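Engineer: Could you have a look at this structure, given as structure tokens, before my questions?
The values are calculated or read from the model by the stated rules, or taken from the named source; none is laboratory data. Computed from a predicted structure; not experimentally measured. Here the Cβ is made from the backbone with ideal geometry for all residues, glycine too, and neighbour counts use every protein chain on show. Note: areas computed on protein heavy atoms with side chains; ligands, DNA, RNA excluded. Shrake-Rupley method; radii C 1.70, N 1.55, O 1.52, S 1.80 Å.
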Amino acid sequence: MSVLVILPAYNEEESIERVVDNIVKKYPKYDYVIINDGSRDNTSKICHKNNYNIVDLPVNLGLEGAFQTGLKYANLKKYEYAIQIDADGQHNPDYIDIMLKKASEGFDIVIGSRFETEKKPWSPRMFGSRLIGTAIKLTTGKKLSDPTSGMRLYNRKMIKEFANNINYGPEPDTIAFLLKQGVNIASVQVTMEERMAGTSYLNFGKSIIYMLRMLISILLINNFRKRS
């Protein structure tokens, strides 16, 4: 079974070595690729110095562009499974085997959820997640416990579909669209860590904009999307 770990990275010079070395030392059976999304720091330099497997994007395309580059790589190399893991150390690779086991039950996408068996807190940070989850439930009839989780595993069929569709991003609205199309999606409980270093690109203002964009897409735009 061939598995590719995709690590989108933007300005992760303080964490990239620890994240990659952890995967290489503990899980040598998995392949990995770093998608350096036009970082302005020493992320690329560190990766090349350590002979890491890296694809350097010449400009910053954002998470969506880096994600699709990773899926195109996985499709080109014909991997059976691909899993996206953040390069900031929040996602624990110990859960990959659990996600693969779930996928083997016939699921196309498996989401690493913080709240599959744990209770989601009533905090301002989780307010947007609850709204997005409610929108997905209203439009698909399916409940996702952690729709904004970026830790997701894709089977071969989904790798090919994401690689060849420019409008497929690593966001909840695409997950909602695929649920409506009958794609089998499951979640497994995971624990996520705090960032090893740096700060999230999503400040309060950007979080509000992101939430509104996702809600508009899920509730309205998804009704006009076509699956090729």
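Engineer: Return, for the Cα atoms of region 15-146, the radius of gyration and Dmax in Å, separated by a comma.
Structural biologist: Both quantities, over Cα of region 15-146: 16.9, 49 Å.
Engineer: Here is a further query. Given H placed on each backbone N at 1.01 Å, which residues far from Asp41 in sequence or on other chains put an amide H within less than 5 Å of it?
Structural biologist: Correct list: Asn11.
Engineer: Please report the net charge: other residues with Cβ closer than 13 Å to the Cβ of Glu80, K and R +1, D and E -1.
Structural biologist: That works out to +4.
Engineer: So, one more: For the cross-link pairs Lys26/Lys143; Lys29/Lys160; Lys25/Lys143; Lys77/Lys137, which exceed 30 Å when the distance is taken from alpha carbon to alpha carbon?
Structural biologist: Values: Lys26/Lys143 33 Å; Lys29/Lys160 22 Å; Lys25/Lys143 36 Å; Lys77/Lys137 35 Å.
Result: Lys26/Lys143; Lys25/Lys143; Lys77/Lys137 exceed 30 Å.
Engineer: Which of the aspartates and glutamates could a cross-linker span from Lys120 if the Cα-Cα distance has to be under 17 Å and same-chain partners fewer than 8 positions apart are dropped?
Structural biologist: Straight-line reach from Lys120, under 17 Å: Asp146, Glu193, Glu194.
Engineer: If I take the Cα coordinates of region 103-228 and project them onto the principal axes, what are the three extents in Å, biggest first?
Structural biologist: 36, 32, 29 Å, listed from the longest principal axis down.
Engineer: Keeping the other protein chains in place, figure out the carbon and sulfur percent of the accessible area of region 53-112, with a 1.4 Å probe.
Structural biologist: Ligands and nucleic acids excluded, carbon and sulfur give 51 percent.
Engineer: Sticking with this one: Mind grabbing the base-10 log of I(q)/I(0) for region 4-68 at q = 0.22 Å⁻¹? Debye formula, identical points on the C-alpha positions, no solvent, two decimal places.
Structural biologist: With no solvent term, the Cα-only Debye profile gives -0.86.
Engineer: Compare Met214, Met99, Met126 in a GNM of the chain, Cα atoms joined below 10 Å, and give the one with the largest fluctuation.
Structural biologist: Judging by the Gaussian network model, the answer is Met126.
Engineer: Assuming 0.36 nm per residue, please report the length gained on full extension of the stretch Ser2 to Asp94 beyond their Cα-Cα distance.
Structural biologist: So the extension gain works out to 31.4 nm.
Engineer: Name the long-range amide H neighbours of Ser2: under 5 Å, sequence gap of 5 or more, or other chain; modelled H, no Pro or chain starts.
Structural biologist: HN-HN under 5 Å from Ser2: Glu80, Tyr81.
Engineer: Using only C-alpha positions, report the orientation-averaged shadow area of the convex hull of the chain, nm², one decimal.
Structural biologist: Mean shadow area of the hull around the Cα atoms is 11.9 nm².
Engineer: Related question: Would you please name the trypsin sites (Lys or Arg not before Pro) within region 44-122 that are DSSP coil residues with at most 13 other C-beta atoms within 10 Å of their C-beta?
Structural biologist: Lys77, Lys78, Lys119
Engineer: Next question, about the same structure. What is the Cα coordinate range of region 77-165 on the first, second and third principal axes, sorted by size from largest, in whole angstrom?
Structural biologist: Projected onto its principal axes, the Cα set of region 77-165 covers 42, 31, 24 Å.
Engineer: Which whole-number value in Å² is the accessible area per residue of the chain, probe 1.4 Å?
Structural biologist: Per residue, the chain has 51 Å² of solvent-accessible surface.
Engineer: When DSSP beta bridges are limited to those with both residues in the chain, what percentage is antiparallel, rounded to the nearest 5? Show your work: numbers first, answer last.
Structural biologist: Numbers: 7 of 26 bridges.
Taking every DSSP beta bridge within the chain, about 25 percent pair in antiparallel fashion.
Engineer: Also, quick follow-up: Under a 5 Å amide H to amide H cut-off, with H placed in plane at 1.01 Å, what residues pair with Arg114 once short-range neighbours are removed?
Structural biologist: It is Val190, by chain and number.
Engineer: Quick check: net charge around Ser228, other residues with Cβ under 12 Å of its Cβ, Lys/Arg +1 and Asp/Glu -1?
Structural biologist: Local net charge: +3.
Engineer: In nm, to one decimal, how far is the Asn42 label point from the Thr134 one, both placed 7 Å along Cα→Cβ?
Structural biologist: About 4.7 nm, to one decimal.
Engineer: How large is ³J(HN,Hα) for each residue in region 149-165, as worked out from phi by the Karplus curve 6.51 cos²θ - 1.76 cosθ + 1.60 (θ = phi - 60°), to whole Hz, x for Gly and Pro?
Structural biologist: In residue order, the calculated couplings are 4, x, 9, 9, 10, 10, 7, 4, 4, 6, 4, 5, 5, 5, 5, 9, 10 Hz.
Engineer: Tell me which GluC sites (Glu not before Pro) from region 24-121 have a DSSP coil assignment and no more than 10 other beta carbons within 10 Å of their own.
Structural biologist: Of the GluC sites (Glu not before Pro), the ones in loops of region 24-121 whose Cβ has at most 10 other Cβ atoms within 10 Å are Glu105.
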